[in-house]
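Here's the structure we're looking at; comments come further down.
The values are calculated or read from the model by the stated rules, or taken from the named source; none is laboratory data. Note that this is a predicted model, so its numbers are computed, not measured. Here Cβ is always computed from backbone atoms with ideal geometry, including for glycine, and neighbour counts include all displayed protein chains. Heavy atoms of the whole protein, side chains included, go into the accessibility calculation; ligands, DNA and RNA do not. Shrake-Rupley method; radii C 1.70, N 1.55, O 1.52, S 1.80 Å.
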Amino acid sequence: MYINDGDSGEDELIKLLLKRQWELNSLLEVTQAINKNTAIPTLLQMLEVIFKNYLQVGKLRFLVEKQGSFACISKYGGDFEGISVLHKACLLLKKVKSPTSLTGYTDGVLNSYDYFIPIYHKKKPLAYALIGDFTLSGEMMSNDLNFMQTLINMIVVALENKKLFRERLQAERFQREMELAVEVQNMLIPVKIHKDKAVEASAKYLPHQDIGGDYFDFFRLNDEEFLWCIADVSGKGIAAALLMSNFQASLRAWATVDSDLTSVVNRLNSIVIRNTKGERFITLFVAKYNERTRKLQYINAGHNPTIVFNGTNAIRLKTGTTMIGVFDELPFINQGEVTIEPNSLIFNYTDGLMDYEIEQDHRWNEDKLLTYVTDNGHLSPDLFNHNLMDHLSRIIKGKRIDDITLLTLRVF
């Protein structure tokens, strides 16, 4: 029987052209799906259909890099191995940068597959594919492996783009959260410096970044009494700012209807516990001053001690309780009381003021602060705060460690 070699060659050429046309159509379909932001599971399903039904690949394992390790995101055929076993086997081929035959490898996992396809970006491995039960040979086999690598690379790029998009959205949400937190906190911070016949108050607030966890307040209860507080909430961001917003509203509400500071602090603790479920806490110093009796009542809830300087002696106000929001019920609570002499300076601050390292193994501590207060207690509250920050900037070269809030009062 006579066989026309020319006809046979034409048939092979037609088959090759049809195969190339099918490959282009497949790539186009996958590209269109990626451009439509098709979900990753759907893209993987398309990949498996192409591999299984058109390329006649009987077994596939597709691994991608995730946060320093690898995950198997697509697999079919044969007995499924553990991801650690697969990854360990692929690491044996870490120097292989192009599709390669696994014939001759003695590793128990690798010798159960026919080909290995790696995907790299520069020197970083992004994905590996193990191909099994694939029996083509010659030029068609080489063509199919290159096509598989192209297809897998497209999926990996889509995964990377989706990852970058998620990271960008997360960064934008975080930025917006910070902006909202700043707006909330700015509404909490008193704008004006208070001054009347009985008291002059000045504050300096320096957040470490755009948003900090510090809070202070000052307001009159009536013609004879005023109340102030300074606090530090754990954490940052909108959650901390909203907690402080709620805390401020609760403090103002209860302080105006309940004259007992102990009762007010107990209520504040219950409110913080209810709102945070014990996941955040607040250190607080709250005080109420009566101009007629000159009595200062206060509670220190785990906060840095306020300093009272009468022109001769300085004392620290430490009496109080534990931090707010730690216990369902405060284990103890003691209310302190002192008599304020005319022209006394009362200095309140948050722990950011103490987070300074003057020199190796030495810190700006409470004793140094007390000395500064006694040496500068004659200054106006505003000038006192200003000079204190200048003093610290000189000795620590302006490096700020944490949020700092200063609230200084002169009681006449």
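Structure above, values below:
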{"quantity": "Loop-located trypsin sites (Lys or Arg not before Pro) in the range 52-144 whose Cβ has at most 15 other Cβ within 10 Å (DSSP)", "calculated": "Lys94, Lys95, Lys97, Lys122, Lys123"}
{"quantity": "Nearest 10 degrees, 0 to 90: helix 5-35 Cα axis against the chain principal axis", "calculated": "10 degrees"}
{"quantity": "Per-residue [θ]222 nm for the chain (sum of -39500 (n - 2.57) over DSSP H runs n ≥ 4, rounded to 500)", "calculated": "-14000 deg cm²/dmol"}
{"quantity": "Cα-based Kirkwood hydrodynamic radius, the range 32-99, one decimal, Å", "calculated": "13.6 Å"}
{"quantity": "Contact order normalised by residue count of the range 234-382, Cα under 8 Å, 6+ apart, percent", "calculated": "20 percent"}
{"quantity": "GNM flexibility winner over the chain from Leu17, Leu370, Leu242 (Cα, springs under 10 Å)", "calculated": "Leu17"}
{"quantity": "Trypsin sites (Lys or Arg not before Pro) lying in DSSP loop within the range 249-356, provided at most 15 other Cβ fall within 10 Å", "calculated": "Lys277, Arg292, Arg294, Lys318"}
{"quantity": "Accessible area per residue, Å², the chain with all protein chains present, probe 1.4 Å", "calculated": "53 Å²"}
{"quantity": "Rounded tilt (10° steps) of 138-188 against the dominant C-alpha axis of the chain", "calculated": "10 degrees"}
{"quantity": "Table column - 3J(HN,Hα) (Hz), the range 283-300, Karplus curve with 6.51, -1.76, 1.60, x for Gly and Pro", "calculated": "8, 8, 10, 10, 9, 10, 10, 9, 5, 6, 8, 6, 8, 10, 9, 8, 9, 9"}
{"quantity": "Sulfur and carbon atoms: percent of accessible area, the chain [1.4 Å]", "calculated": "51 percent"}
{"quantity": "For Rg and Dmax of the Cα atoms in Å, calculated from these coordinates, the label among (1) 35.3, 127; (2) 21.5, 82; (3) 21.6, 67", "calculated": "(1)"}
{"quantity": "Mean Cβ neighbour count within 10 Å, used as a protection proxy, ranking 156-164, 34-42 highest first", "calculated": "156-164, 34-42"}
